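Presented below is the structure to which this report refers.
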Amino acid sequence: MNATAGTLVATSLAHSAGVPAAWAAAVAAAGAAGTAVAGLRRRLTGATLGFRAACCVAAGAWSSAALAGDGPLTMTALGTLAAGGTLAGTLAAGVGAHETTEQSRRATLLSIGVRRQLAADWIDRLARVCRIEGAEIVAIEHWPSALGYTLEVKLPAGGVTRKAVADRTGALAADLDLPTGCGVSVHEGMTRRLVLIKVTTKSAAGRDIAFPVAEMAEITTVNNPIPLALLADGGRAELDLRQASTIVAGATGTGKTNWLHRLIARLNQTNDVLVWVIDLNGGSLGLPWLHAWREAQTAAEGSRWAGADIPAPGVDWLASTPAEAARMLRAAISIAKARKVAYQNDMRDADDDKLPVGPTLPEIVIIVDEGAEVTATREARQVAAGVAEVIRIARAMAIRAVMSALRVTQDVLPDPMVRKMASNRVCTGATEDAELGHFFGWRALTVEESFDGPGSLLVGVDGKSPEKGHQERITPAQIEEVCAATSARRPSLDGPSLKAAGPDYQERWTLQRCGHLWGQPATTTATANAAGGGAGEGRGGEWKATAGWDTPREPTLDTPSVNELEAMFNAPAAQRPDSERPEQDGGDSDTDWSDPATWTTDRDQHQPEQPDAKQAALALLIAAGTEGTGASALARELADDFGTNRQTVVGWLKAWVEAGEAVRIGTGTKTRYVHRTHAPKPPEQS
């Protein structure tokens with residue numbers, strides 16, 4: 001239509017100007033020549049070139065005839081132009097389809113030629129480098145990411161195995177002269193003789209891929225694999241966190257913490273997972289997942305989350321001390337044992353020996369960051385042992401563990417069963433090839449070919465050869481957005497599990513347990529209330545996360561009854577070593593000789609000064625009132641939170657008595673200490 005209208009307008013203007021008819025013919029000839037030259041340069045087919053040239057010649061002939069006759073606006077001229085335009089338009093559709101088909105055929109032939117040449121090169125390369133004669137290239141697939149390609153190779157008969165190719169990946173990469181950071185990896189095919197060879201020709205180093213926060217609007221489930229890495233071939237590496245535990249290893253600065261944050265984000269995307277975090281390095285891994293929730297709860301002034309509806313944090317429980325981690329693991333083991341009894345009928349209905357997971361019966365994923373901190377002290381090693389026990393006994397009851405470590409060696413993960421039972425393995429970086437071999441059990445891996453900078457990683461599942469991938473970058477602002485977007489779908493712990501966990505779980509967000517995470521010591525509330533102070537306040541307003549957090553609880557002192565005291569006093573002398581008998585005059589010895597747990601040697605036992613523990617002990621002494629308390633009772637109260645032993649408490653009590661802060665009443669096993677504010681006043685002298 002446009003060409004027909006343009007011809008009519010141009011001819012009308014030329015007729016008005018008195019242009020000779022020969023000029024129209026010359027213009028048409030020039031147009032046909034130009035169209036042919038342009039088509040040849042673009043490698044168009046002969047049909048397309050002939051059609052376009054014919055259209056130019058026809059338009060020039062009509063224009064010349066109109067200029068030589070009575071003009072272009074006569075009925076004869078207009079009818080002829082309309083018929084020619086209709087015919088050209090009809091033929092154009094067919095010619096265009098033919099051109100598209102022909103160009104596709106040419107591209108296919110070119111691709112086949114390139115693939116044939118690539119296949120021939122690889123057959124020759126396998127013969128030269130791997131000494132494998134007679135290999136066949138079944139298929140070649142170029143990756144959508146344009147970073148490489150995959151070869152499907154059929155090995156020759158005669159017992160040639162995949163290992164013959166896998167052991168020579170470094171030599172194959174050198175023969176290809178691949179750029180630094182690129183390499184060759186070998187994977188199993190559909191049969192023993194089929195091998196997949198993945199060749200990375202371009203490095204993804206320096207690419208900063210943003211975490212897709214928009215995907216959080218979609219609700220997922222842990223019953224399906226969780227996508228946790230972008231593979232070089234354009235796919236996604238997925239981990240089954242429902243059936244298997246996970247170990248992630250990597251040196252500092254390789255992106256291990258970023259990967260853990262992405263894992264928590266993907267678990268928050270589900271509606272059937274509760275995330276628990278153990279981070280003995282101040283809780284730094286879990287804290288970013290609490291900010292939005294806490295500021296919404298306290299209506300923090302100036303925060304973008306003040307007044308937002310964020311009913312639950314992104315991390316359901318955060319343990320930053322060995323004592324809190326011990327509570328968490330104790331609760332996890334209790335939950336696993338309780339679920340085995342409470343949900344037998346559910347497993348029978350599902351005809352499965354594993355607990356069916358859903359929004360009303362969530363899975364618990366315990367993330368431990370990082371292994372070196374978890375094995376640094378005796379208490380921390382007990383935490384590591386607890387994690388290993390959870391991995392061993394709680395898999396079927398939907399409690400999974402994710403261990404993070406700088407490296408998977410004996411000094412970081414002393415229990416070899418942790419590595420053996422974790423079939424999901426992710427490595428974000430290593431310094432030696434031996435570490436990769438120990439981690440994945442795949443000796444052909446090299447650090448040079450496996451990583452190309454921060455963000456790159458290896459993902460291995462079920463003992464298979466690991467695949468190279470890349471991870472997205474998630475920022476603190478995105479973490480808070482994920483919390484806000486997914487908070488409403490966070491499940492609650494089921495009834496039997498909640499009962500089994502008890503106060504260890506129900507009181508996890510009380511100020512005494514979590515106040516230190518926000519710079520509020522655990523003793524602040526106890527001391528203030530003991531001294532007659534009011535309730536504490538959170539930043540920007542009242543803390544509303546746990547009702548009654550500021551109500552002081554009565555100290556539970558394990559004071560023996562009268563009969564127990566009499567039995568202790570009348571205990572056989574054989575229980576009292578001669579070398580350690582108490583002073584007969586009931587002197588200043590504070591050792592309870594009827595309790596072997598309090599016996600000590602003559603060697604001095606020093607313990608580092610703990611200001612928080614000492615302040616907590618003083619608060620408990622004040623709370624004991626006129627009844628007072630003893631050194632053993634105080635030590636039991638402080639053991640879980642601070643690990644304070646009885647000898648340390650005895651030293652504090654003696655110092656307070658000498659300073660006049662406390663009063664000692666009684667001797668031997670009946671010794672008790674009363675704060676000066678509650679001590680009985682001496683009778684007035686007349």
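What number goes with the only condition from (1) modelled with pLDDT of 75 or more; (2) surrounded by 12 or more Cβ atoms within 10 Å (Cβ to Cβ); (3) more than 23 Å from Thr86 (Cα to Cα) that His15 does not pass?
(1)
When you look at Ala54, is it surrounded by 11 or more Cβ atoms within 10 Å (Cβ to Cβ) and of a type outside the set (Val, Ile, Thr), yes or no?
It is true that Ala54 is surrounded by 11 or more Cβ atoms within 10 Å (Cβ to Cβ) and of a type outside the set (Val, Ile, Thr).
Can you name the residue in region 609-657 that is outside any helix (DSSP H, G or I) and under 42 Å from the mean Cα position of the chain (by Cα) and, of all such residues, is nearest to Ala326 (Cα to Cα)?
Gly643
Test Asp272 against the stated conditions and say whether it is acidic (Asp, Glu), over 19 Å from Val368 (Cα atoms) and surrounded by fewer than 20 Cβ atoms within 10 Å (Cβ to Cβ). Explain how you work it out, then say what you get.
Numbers: acidic (Asp, Glu): yes; over 19 Å from Val368 (Cα atoms): yes; surrounded by fewer than 20 Cβ atoms within 10 Å (Cβ to Cβ): no.
So Asp272 fails the test.
Which condition breaks for Ala205 when tested against (1) part of a strand (DSSP E or B); (2) touching an Asp or Glu at 6+ places or on another chain (Cβ under 7 Å); (3) touching a residue at least 60 places away in the same chain (Cβ under 8 Å)?
Of (1) part of a strand (DSSP E or B); (2) touching an Asp or Glu at 6+ places or on another chain (Cβ under 7 Å); (3) touching a residue at least 60 places away in the same chain (Cβ under 8 Å), only one is false for Ala205: (1).
Have a look at Ala308, Ala265, Ala296 and point out the one that is assigned by TED's automatic domain parsing to the domain that holds Ala405, closer than 20 Å to Ala488 by Cβ and touching a Phe, Trp or Tyr at 6+ places or on another chain (Cβ under 6 Å).
Result: Ala296 is the single residue among Ala308, Ala265, Ala296 that is assigned by TED's automatic domain parsing to the domain that holds Ala405, closer than 20 Å to Ala488 by Cβ and touching a Phe, Trp or Tyr at 6+ places or on another chain (Cβ under 6 Å).
For Ala384, indicate whether it is over 23 Å from the mean Cα position of the chain (by Cα) and of a type outside the set (Asp, Glu).
No; evaluated as a whole, the condition is false for this residue.
Determine the pairs where a residue that is touching a residue at least 24 places away in the same chain (Cβ under 8 Å) and of a type in the set (Asp, Glu), located within region 502-517, has a partner that is surrounded by fewer than 22 Cβ atoms within 10 Å (Cβ to Cβ) and part of a loop (DSSP other than H, G, I, E, B) with Cβ atoms under 8 Å apart, the partner being 6 or more residues away or on another chain.
Pairs that qualify, where the first residue is touching a residue at least 24 places away in the same chain (Cβ under 8 Å) and of a type in the set (Asp, Glu) and the partner is surrounded by fewer than 22 Cβ atoms within 10 Å (Cβ to Cβ) and part of a loop (DSSP other than H, G, I, E, B), are Glu507/Thr546.
Tally the residues that are outside any loop (DSSP other than H, G, I, E, B), of a type outside the set (A, V, I, L, M, F, W, C) and closer than 14 Å to Ile333 by Cα, restricting the search to region 490-514.
The total comes to 5.
Go through region 324-374 and report how many residues are in contact (Cβ under 8 Å) with a residue 40 or more places away in the chain, among the acidic types (Asp, Glu) and under 20 Å from Gln243 (Cβ atoms).
Adding up the residues that qualify gives 2.
For residues that are buried (at least 24 other Cβ atoms within 10 Å of the Cβ) and part of a loop (DSSP other than H, G, I, E, B), scanning just region 398-427, find the one that is modelled with the lowest pLDDT.
Leu413
With respect to Val184, is the statement that it is out of contact with any Pro (no Cβ under 9 Å at 6 or more places or on another chain) and not assigned by TED's automatic domain parsing to the domain that holds Val365 true?
For Val184, the condition - out of contact with any Pro (no Cβ under 9 Å at 6 or more places or on another chain) and not assigned by TED's automatic domain parsing to the domain that holds Val365 - is met.
Going by the conditions given, is Val195 β-branched (Val, Ile, Thr) and more than 28 Å from the chain's Cα centre (by Cα)?
So Val195 passes the test.
Do the conditions hold for Thr200, that is, is it surrounded by 17 or more Cβ atoms within 10 Å (Cβ to Cβ), of a type in the set (Val, Ile, Thr), in contact with a helix residue (DSSP H, G or I) (Cβ under 9 Å, 6 or more places away or on another chain) and in contact (Cβ under 8 Å) with a residue 40 or more places away in the chain? Give the derivation first.
Values: surrounded by 17 or more Cβ atoms within 10 Å (Cβ to Cβ): yes; of a type in the set (Val, Ile, Thr): yes; in contact with a helix residue (DSSP H, G or I) (Cβ under 9 Å, 6 or more places away or on another chain): yes; in contact (Cβ under 8 Å) with a residue 40 or more places away in the chain: yes.
Taking the combined requirement at face value, the residue satisfies it.
Which count do you get for residues in region 231-269 that are closer than 16 Å to Arg473 by Cβ and part of a helix (DSSP H, G or I)?
Number satisfying all stated conditions: 11.
Do the conditions hold for Ala174, that is, is it at pLDDT 90 or above, outside any loop (DSSP other than H, G, I, E, B) and either outside the structural domain of Pro362 (by TED's automatic domain parsing) or buried (at least 17 other Cβ atoms within 10 Å of the Cβ) (or both)?
Numbers: at pLDDT 90 or above: yes; outside any loop (DSSP other than H, G, I, E, B): yes; either outside the structural domain of Pro362 (by TED's automatic domain parsing) or buried (at least 17 other Cβ atoms within 10 Å of the Cβ) (or both): yes.
Yes.
Given the conditions (1) touching a helix residue (DSSP H, G or I) at 6+ places or on another chain (Cβ under 7 Å); (2) within 20 Å of Leu458 (Cβ to Cβ); (3) β-branched (Val, Ile, Thr), report the number of the one that Ile140 does not fulfil.
With respect to (1) touching a helix residue (DSSP H, G or I) at 6+ places or on another chain (Cβ under 7 Å); (2) within 20 Å of Leu458 (Cβ to Cβ); (3) β-branched (Val, Ile, Thr), Ile140 is out only on (2).
Going through region 295-350 one residue at a time, which ones are of a type in the set (A, V, I, L, M, F, W, C) and not in a helix (DSSP H, G or I)?
Selection gives Ala299, Ala300, Trp305, Ala306, Ala308, Ile310, Ala312, Val315, Trp317, Leu318, Ala319.
Given the criterion at pLDDT 85 or above and either of a type in the set (Lys, Arg) or outside the structural domain of Ile622 (by TED's automatic domain parsing) (or both), identify the matching residue among Lys670, Lys654.
Lys654
Select, from Ala306, Ala319, Ala350, Ala332, the only residue that is surrounded by fewer than 19 Cβ atoms within 10 Å (Cβ to Cβ) and either within 16 Å of Leu498 (Cα to Cα) or in contact with a Gly (Cβ under 9 Å, 6 or more places away or on another chain) (or both).
Sole residue among the options that is surrounded by fewer than 19 Cβ atoms within 10 Å (Cβ to Cβ) and either within 16 Å of Leu498 (Cα to Cα) or in contact with a Gly (Cβ under 9 Å, 6 or more places away or on another chain) (or both): Ala306.
Hey, could you check region 72-111 for residues that are over 60 Å from the mean Cα position of the chain (by Cα) and surrounded by 13 or more Cβ atoms within 10 Å (Cβ to Cβ) and say which is nearest to Ala21 (Cα to Cα)? If you could, list the steps in order and put the result at the bottom.
Let us first name the residues in region 72-111 that are over 60 Å from the mean Cα position of the chain (by Cα), namely 72-88.
Narrowing further to those that are surrounded by 13 or more Cβ atoms within 10 Å (Cβ to Cβ): 72, 77-78, 80-81, 84-85, 88.
Details: Pro72: 12, Ala77: 14, Leu78: 17, Thr80: 17, Leu81: 17, Gly84: 19, Gly85: 21, Ala88: 23 Å.
Looking at residues that are over 60 Å from the mean Cα position of the chain (by Cα) and surrounded by 13 or more Cβ atoms within 10 Å (Cβ to Cβ), I get Pro72.
Considering each of Ala24, Ala54, Ala5 in turn, give the residue that is at pLDDT 80 or above and in a helix (DSSP H, G or I).
That would be Ala54, the only listed residue that is at pLDDT 80 or above and in a helix (DSSP H, G or I).
Kindly evaluate Ile367 against the criterion of being assigned to a helix (DSSP H, G or I), touching a helix residue (DSSP H, G or I) at 6+ places or on another chain (Cβ under 9 Å), closer than 29 Å to Leu230 by Cβ and at pLDDT 80 or above.
no
The values are calculated or read from the model by the stated rules, or taken from the named source; none is laboratory data. Predicted model only: the values in this text are computed from it and were never measured. Note that we place each Cβ from the backbone using ideal geometry, even for glycine, and neighbour counts take in every protein chain shown.
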